[in-house]
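Novice: One structure, as structure tokens, below. Some questions next.
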């Protein structure tokens, strides 16, 4: 626990709650603004995420957050990634495997688009027109989901 950021700690606390509903915790952002703890939770399911999923995760996460931060007012938002989500973390490539993506390569100074074929600790493999291209995470300047690649 020592050395963890608030977001890392909250991710560890909420991930099992989200997984208990058959969902994946994609991302969590937290910040304190004017003494209020603002938490944004992004969840995903292969079959899609509905408003009932968001409401259930909110209902179950709120008591846990209140227990962790009893001296703070809370503002919690739960949502889905959206079709053009900016990918922030390497683990998101595993979550969104088989989805369309566009990554900007620093080395090539261009966008690489296709379908996420797989990823490991070093990078992501993207398939376009039957050809695979590996892009190391260190080379990715920015990335976002792109459903137009799935057609």
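Novice: Evaluate E = 1/(1 + (r/R0)^6) for residue 36 and residue 142, where r is the Cβ-Cβ distance and R0 equals 35 Å; express this FRET efficiency to the nearest 0.05. Display every interim value, and only then the final one.
Specialist: Numbers: r = 30 Å, r/R0 = 0.85.
For R0 = 35 Å, the calculated efficiency reads 0.70.
Novice: Given only helices, namely DSSP H runs of n ≥ 4 each adding -39500 (n - 2.57), what is the per-residue ellipticity at 222 nm of the chain, to the nearest 500 deg cm²/dmol? Working shown, then result.
Specialist: Details: 3 runs with 37 residues, N = 151.
The helix-only estimate for the chain comes to -7500 deg cm²/dmol at 222 nm.
Novice: Over the range 6-79, what per residue volume does the convex hull of the Cα atoms give, in whole Å³?
Specialist: Details: hull volume 5.4 nm³, N = 74.
Value for the range 6-79: 73 Å³ per residue.
Novice: Between helix 51-68 and the chain, what is the angle of the helix's C-alpha long axis to the longest principal axis, kept within 0 to 90° and rounded to the nearest 10?
Specialist: The two axes meet at around 50 degrees.
Novice: Okay, moving on. Compute the convex hull volume of the Cα atoms of the chain, divide it by the residue count, and report the result per residue in Å³ as a whole number. Mind showing how you got there, number by number?
Specialist: Details: hull volume 20.3 nm³, N = 151.
Convex hull of Cα atoms, per residue: 135 Å³.
Novice: Using only alpha carbon positions, build the gyration tensor of the range 91-150, then give the equivalent ellipsoid semi-axes as the square roots of 5 times its eigenvalues, largest first, whole angstrom.
Specialist: Values: eigenvalues 45, 34, 23 Å².
Each semi-axis is √(5λ); the values are 15, 13, 11 Å.
Novice: Subtract the Cα-Cα distance of residue 29 and residue 105 from 0.36 nm times their separation in residues, and report this length gain in nm to one decimal. The partial results should precede the final answer.
Specialist: On the way: separation 76, 0.36 × 76 = 27.36 nm, distance 2.55 nm.
Full extension from residue 29 to residue 105 adds 24.8 nm.
Values quoted throughout were computed directly from the atomic coordinates according to the rules given, and no laboratory measurement underlies them. As the structure is a prediction and not an experimental result, all values here were calculated from the model. Every residue, glycine as well, gets a Cβ built from its backbone with ideal geometry; the counts of neighbours run over all protein chains shown.
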